[in-house]
């Protein structure tokens with residue numbers, strides 16, 4: 001029989017209530033109950049964590065690493081909705097709909113993920129009103145972000161979309177003006193809704209204009225104000 005180990009990042013749900021605001025609303029007994037049905041899995045960079053269209057039986061919490069959440073469209077094209085960071089609960093979209101994944105999630109680097117049984121999560125929503133309110137707030141917040149992304153992709157020119165993507169990576173994902181980019185150039189294109197060639201061309205333009213500095217995977221935002229102006233003008 002295969003043996004499964006737990007890393008120091010995911011020993012039990014009681015520890016996670018200090019890391020995840022939503023879980024901090026659970027009592028000690030509720031956390032113990034949640035811990036009974038969850039498990040941790042390690043993924044290599046590029047491996048699929050959730051596959052669009054498959055049965056949704058668990059929610060996901062990354063404990064280390066980064067992952068991309070994307071929708072698979074026609075002709076095998078992908079649209080990256082957002083980047084998943086550690087300690088974010090993912091998978092709520094399937095909770096009360098049809099129990100199927102409506103997007104895919106793939107590891108951007110080696111990562112570990114905790115899987116929480118959906119039925120156990122639903123029981124907590126039914127029994128803990130504060131937990132349920134936080135769950136609704138979290139879902140609403142993600143919905144608003146989707147609206148903002150829709151505006152960017154449908155109403156902005158390519159330069160504005162690349163600017164939005166760089167602002168998102170700088171302020172929301174890496175929280176730094178200088179970082180090693182986990183996304184490939186194709187991923188950057190999928191994040192901003194354009195072809196790979198167009199994304200590479202505009203990134204080079206931004207580099208030549210001194211707005212950003214590209215050195216392989218290393219990316220530095222030199223002129224954040226200019227990025228914001230490009231985003232605003234679209």
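What follows is calculated from the coordinates using simple rules that are stated; it is not laboratory data. The model shown is predicted, which means the values in this text are computed figures rather than measured ones. Counting neighbours? That spans all protein chains shown, and the Cβs are built from the backbone with ideal geometry, glycine included.
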> Which value in nm describes the separation of the simple spin-label points at residue 180 and residue 151, placed 7 Å from the Cα toward the beta carbon?
Replying inline: 3.6
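Rank by packing, highest mean first: peptides 75-84, 123-132, with packing defined as the count of other Cβ atoms within 10 Å averaged across residues.
Working: 75-84: 16.3, 123-132: 14.3.
Packing order, densest peptide first, comes out as 75-84, 123-132.
Kindly state, as a whole number, the per residue volume in cubic angstrom of the convex hull around the alpha carbon atoms of segment 153-233.
Details: hull volume 6.5 nm³, N = 81.
Cα convex hull per residue, to the nearest whole number: 81 Å³.
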>> For a bin width of 5 Å, list the pair-distance distribution of segment 25-134 built from all Cα-Cα distances, rounded to whole %.
In response: 2, 12, 21, 23, 19, 13, 7, 2, 1, 0
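How big, on average over all directions, is the shadow cast by the Cα convex hull of segment 116-203, in nm²? Walk me through the numbers before you get to the answer.
Working: hull surface 30.5 nm².
Averaged projected hull area, Cα only: 7.6 nm².
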> Cα centroid distance between segment 67-92 and segment 215-229, in Å?
Replying inline: 24
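How big, in percent, is the set of alpha carbon pairs in the chain lying more than 23 Å apart? Can you show the working numbers first?
Values: 14300 of 27261 pairs.
Counting every Cα pair in the chain, those more than 23 Å apart make up 52 percent.
Per 0.36 nm of contour for each residue apart, how much would the distance between residue 123 and residue 201 grow if the chain were fully extended, relative to their Cα-Cα spacing? Can you show the working numbers first?
Details: separation 78, 0.36 × 78 = 28.08 nm, distance 5.00 nm.
Result for the pair: 23.1 nm of gain on full extension.
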